[in-house]
1. Just the residues that are touching a helix residue (DSSP H, G or I) at 6+ places or on another chain (Cβ under 7 Å) and assigned to a strand (DSSP E or B), please, taken from segment 72-96.
2. Is one or more of the residues making up segment 52-63 at positive phi and either part of a helix (DSSP H, G or I) or exposed (fewer than 10 other Cβ atoms within 10 Å of the Cβ) (or both)?
3. Please go through segment 7-19 and pick out each residue that is of a type in the set (A, V, I, L, M) and in a helix (DSSP H, G or I).
4. Looking at (1) hydrophobic (A, V, I, L, M, F, W, C); (2) modelled with pLDDT under 90; (3) loosely packed, with under 10 Cβ neighbours inside 10 Å; (4) more than 21 Å from the chain's Cα centre (by Cα), which is the only condition Ile73 fails?
5. Under 7 Å by Cβ, and 6 or more places apart or on different chains, what pairs join a residue from segment 15-38 that is surrounded by 13 or more Cβ atoms within 10 Å (Cβ to Cβ) with one that is basic (Lys, Arg)?
6. Of all the residues that make up segment 58-78, how many are under 28 Å from Lys13 (Cβ atoms) and either touching a Pro at 6+ places or on another chain (Cβ under 6 Å) or of a type in the set (D, E, K, R) (or both)?
7. Give the number of residues within segment 20-51 that are part of a helix (DSSP H, G or I) and either over 17 Å from Lys2 (Cα atoms) or not hydroxyl-bearing (Ser, Thr, Tyr) (or both).
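The values are calculated or read from the model by the stated rules, or taken from the named source; none is laboratory data. As the structure is a prediction and not an experimental result, all values here were calculated from the model. Every residue, glycine as well, gets a Cβ built from its backbone with ideal geometry; the counts of neighbours run over all protein chains shown.
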Amino acid sequence: MKFDDAMLQRLEKLSMLKIEEAKRAEMITELEKIVGFVEILSELDTEGLDPSFSTLEGGTPMREDTPDENPQIREIIIENAPKAKDDYFVVPAIIE
């Protein structure tokens with residue numbers, strides 16, 4: 001897959017990142033390398049492999065699901081949000 005400046009601008013908008021002008025060409029090259037690597041992975045023969053394969057013997061270890069009893073957890077989380085209003089996170093619209 002070839003990346004160009006228009007694709008990079010779209011990725012900047014979606015990721016809410018700003019890439020310096022001096023780094024744009026380097027970033028395009030790096031993205032092309034990453035996508036190229038992922039495209040190579042699509043050539044692997046996965047026919048007959050169990051989709052739920054795990055390297056952990058016996059599967060994923062489970063733990064007891066117990067609720068946290070901290071009554072201030074909501075305030076702690078909201079304090080760390082970049083933007084919040086009325087106990088909700090404020091996020092930018094991403095749908096054009």
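1. Of everything in segment 72-96, just one residue is touching a helix residue (DSSP H, G or I) at 6+ places or on another chain (Cβ under 7 Å) and assigned to a strand (DSSP E or B), namely Ala84.
2. Looking through segment 52-63, at least one residue is at positive phi and either part of a helix (DSSP H, G or I) or exposed (fewer than 10 other Cβ atoms within 10 Å of the Cβ) (or both).
3. Across segment 7-19, the qualifying residues are Met7, Leu8, Leu11, Leu14.
4. Ile73 satisfies every listed condition except (3).
5. Glu32/Lys2
6. So the count comes out to 0.
7. Counting residues in segment 20-51 that are part of a helix (DSSP H, G or I) and either over 17 Å from Lys2 (Cα atoms) or not hydroxyl-bearing (Ser, Thr, Tyr) (or both) gives 20.
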